[in-house]
1. Given H placed 1.01 Å from N in the peptide plane, which residues other than close sequence neighbours of His152 have an amide H under 5 Å from its amide H?
2. Going by amide H atoms built from the backbone, whose H comes under 5 Å of the H on Asn19, apart from near neighbours?
3. For the stretch 165-229 and the stretch 2-31, compute the distance between their C-alpha centroids and round to whole Å.
4. Using the Cα centre of the chain as origin and beta-carbon charges of +1 (Lys, Arg) and -1 (Asp, Glu), tell me which of Leu293, Leu252, Val45 is placed farthest towards the positive end of the dipole.
5. Toward the positive end of the charge dipole of the chain, about the Cα centre and with charges on Cβ (Lys, Arg +1; Asp, Glu -1), which of Val33, Leu88, Thr103 goes farthest?
6. Of all DSSP beta bridges located in the chain, what percent are antiparallel, nearest 5?
7. For the stretch 118-135, take each phi angle, set θ = phi - 60°, evaluate the Karplus expression 6.51 cos²θ - 1.76 cosθ + 1.60, and give the result in whole Hz per residue in order, putting x for glycine and proline.
8. Most exposed first by the Cβ proxy, i.e. fewest other Cβ within 10 Å, how do Lys6, Lys278, Lys42 rank?
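Computed from the coordinates by the stated procedures, all read-outs in this text should not be read as laboratory data. All of these numbers come straight from a predicted model, not from anything done at the bench. No Cβ is skipped: glycine too gets one built from the backbone with ideal geometry, and neighbour counts run over all protein chains shown.
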Amino acid sequence: MHRQRKLDHIKICLEEDVNAPGVSTGFERYRFVHRALPETSKENVETGVTFFGKALKAPVMISAITGGTGLSARINKNLAAAAQSLGLAMAVGSQRPAIEDDTLAYSYQVRDVAPDIVLFANLGAVQLNYGYGVEQCQAAVEMIQADGLVLHLNALQECIQPRGNTNFEGLVAKIGAVCAALPVPVVVKEVGCGISGDVALALMGAGVSGIDVAGVGGTSWALVEKHRAESELVHRVADAFADWGIPTATSLEMVRRIAPELSVIASGGIRNGVEAAKAIALGADVVGLAAPLLEPAMQSAGAVRSRLEQLLEELRIAMFCIGARDKGDLRQARLDRI
């Protein structure tokens, strides 16, 4: 069941238009003030940052995509090899299939090609209400020798996917118990609907180390699940929620306002380095992307690297054109709302 679902998700994301319709990330509402005299050289632009105590060459994370199948193994190895060569962070897809069948663990294991990257394990937070606990979370981390754990929130997706798990009651306390027990940082992320300020406040209280806002504006998991719907009713319901959520830029501002000291990842529809620069200027520590890397990851590590190199060059040029020498300058950059 898990294996077929993972294969379905890959096929749908490659072949169907599953971008949230009629809604954007919100980054187009902001413009940098161009600095005609940057008073620096482009060669002096430094994109490196520290992320959970480890150095990244750029503030970029390959967000969770897949796992649990042979195809997933190839995708994850290609993503991880590219992350290693460029000094970026990465999260694997949900490891629930491998927790329930350890013969699938190989499809998530990438340390052989990426010994040095900041690597995150991944489980659905809702599984804490379906028999999972600290033991399974620790197992997910150990399975891939991860530096941290992502617990993802996907309430809307669970409502629409066949036989979804929809009991999200009492999860804040259970997330808190995981944070207290695990020896690695715990990041909580949405999967494309955004995180609001009040949820960020609750997560801060639970002791999370970071939040990935994963707002609307990119892949709509309601639309992905629409293509797997087993009835016409669910098919129609999914359409109603295709654009549901908080735009990424709005969610980022909400979370950063509530949690000024927390590590914040901005993902959800970020497609180029200019948007990445805007996200960092609005308060993100790191930006995440997934969908643009899926097709390259089907080909090779080199194809993934090429796509990421484009984004990194766009980020460097954006920083240069506003006179930002590093992340600190970028955070202080003038960003006008239009």
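1. Leu123, Gly124, Ala125, Lys189
2. Under 5 Å from the amide H of Asn19: Ser220.
3. Cα centroid to Cα centroid, the span is 18 Å.
4. Val45
5. Value: Val33.
6. DSSP beta bridges in the chain are roughly 20 percent antiparallel.
7. Using θ = phi - 60°, the values come out as 6, 10, 10, 6, 7, 9, x, 4, 4, 5, 5, 9, 10, x, 8, x, 4, 4 Hz.
8. Lys42, Lys6, Lys278
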